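The values are calculated or read from the model by the stated rules, or taken from the named source; none is laboratory data. Predicted, not measured: the structure shown is a model, and the values here were computed from it. Neighbour counts are summed over all protein chains in view; Cβ atoms, including those assigned to glycine, are modelled from backbone coordinates with ideal geometry.
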């Protein structure tokens, strides 16, 4: 029987609960491994999941993300649990260490996993699904090598809904080497400028058309920025961008001041998983559209009725001016 270890930092939040739900579906013996400044709160939230035991590595040295301390904590818990399959949420913090920990434990790692199943080919008995070639091909894979580390992408599984309780956490001792990296603080944009919200229900994607000349022969970048930020604030939406828009900054053209390559989806950008997506001033080319593969409902605004979104890529296409549409939408949101 497999020993399944859910391994995560204590402040992973919803991605950790999604990975927990996937781990439970594999069957076997479930163990929870948590590390951070204090893990009791996270353990209590998972207390009703049916795990046989909870392992924890705590202390000030594990409060902030740092490779040497995070990797040491993860390695210690994998060995303490004698895990054969290790499932981690694919957060930035876990993605940084999963390959290195797998190497230290003599295991193998698969990242960007979108699904885990207990029905795999013998003798593995488990399988995963991953997307390849810019989300165009889906593959089912399994491994016989153990331990097997699996990093599950956030948004791919419903979170665990077990009742919270009081968990007993077994402390795992970790001896750290001399720490040469000190975390002195965090620099982040003001809350009003936050544009990337992975848990938002709506994704607004802006294309290069926002910065082009409008019917009056002039570009209206400041107004475009105001309309987009107004919608993001009112709808609590997340912001995406086409590659053509973020590339404008390298061409010396006017750009939206809050847009960066971190907002890019499709091609070499992210593949978001929001419930609804609204594309504005984007043509809907295939490389961009594949970034929308996991969005449930796709809508687009474009003046061209023959654009790529009209050819089976959007559920609803509004053939209209994006400035006028978004101006009216913001008025309605403000009224409500």
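Got at least one residue in the range 201-214 being free of Cβ contacts under 8 Å to residues at least 12 places away in the same chain, closer than 30 Å to residue 329 by Cβ and in contact with a strand residue (DSSP E or B) (Cβ under 6 Å, 6 or more places away or on another chain)?
The answer is yes; a qualifying residue exists.
May I ask you to list the residues in the range 71-100 that are part of a helix (DSSP H, G or I) and touching a strand residue (DSSP E or B) at 6+ places or on another chain (Cβ under 7 Å)?
73, 74, 76, 77, 78, 80, 81, 93, 94, 95, 98, 99
Is it the case that some residue within the range 144-158 is part of a loop (DSSP other than H, G, I, E, B), surrounded by fewer than 16 Cβ atoms within 10 Å (Cβ to Cβ), in contact with a helix residue (DSSP H, G or I) (Cβ under 8 Å, 6 or more places away or on another chain) and in the same structural domain as residue 47 (by TED's automatic domain parsing)? Working first, answer last.
Pass one, the range 144-158, residues part of a loop (DSSP other than H, G, I, E, B): 144-147, 153-158.
Then keep just the ones that are surrounded by fewer than 16 Cβ atoms within 10 Å (Cβ to Cβ); that gives 144-145, 158.
This time we only want the ones that are in contact with a helix residue (DSSP H, G or I) (Cβ under 8 Å, 6 or more places away or on another chain), so: 158.
From what is left, the residues that are in the same structural domain as residue 47 (by TED's automatic domain parsing) are 158.
Among the residues of the range 144-158, at least one is part of a loop (DSSP other than H, G, I, E, B), surrounded by fewer than 16 Cβ atoms within 10 Å (Cβ to Cβ), in contact with a helix residue (DSSP H, G or I) (Cβ under 8 Å, 6 or more places away or on another chain) and in the same structural domain as residue 47 (by TED's automatic domain parsing), which makes the answer yes.
Quick check on residue 230: is it surrounded by fewer than 20 Cβ atoms within 10 Å (Cβ to Cβ), modelled with pLDDT of 85 or more and part of a loop (DSSP other than H, G, I, E, B)?
Judged against the criteria, residue 230 is not a match.
Could you look through the range 101-119, keep only residues that are assigned to a loop (DSSP other than H, G, I, E, B) and closer than 21 Å to residue 158 by Cβ, and pick out the one that is nearest to the chain's Cα centre (by Cα)? Give the steps one after another, and end with the answer.
Of the range 101-119, the ones assigned to a loop (DSSP other than H, G, I, E, B) are 105-107, 118-119.
Going one step further and asking which of them are closer than 21 Å to residue 158 by Cβ, we end up with 118-119.
Working: 118: 23, 119: 25 Å.
Ranking the candidates gives 118 first.
Does any residue in the range 62-84 that is closer than 11 Å to residue 9 by Cα come within less than 7 Å, Cβ to Cβ, of a residue that is part of a loop (DSSP other than H, G, I, E, B) six or more places away or on a different chain, and which pairs are these?
62/37; 63/37; 64/183; 73/174
Would you call residue 16 under 18 Å from residue 118 (Cβ atoms), in contact (Cβ under 8 Å) with a residue 60 or more places away in the chain and buried (at least 23 other Cβ atoms within 10 Å of the Cβ)?
Here the answer is no, as residue 16 does not meet what is asked.
In this structure, does residue 59 turn out to be farther than 23 Å from residue 112 by Cα and in contact with a strand residue (DSSP E or B) (Cβ under 7 Å, 6 or more places away or on another chain)?
It is false that residue 59 is farther than 23 Å from residue 112 by Cα and in contact with a strand residue (DSSP E or B) (Cβ under 7 Å, 6 or more places away or on another chain).
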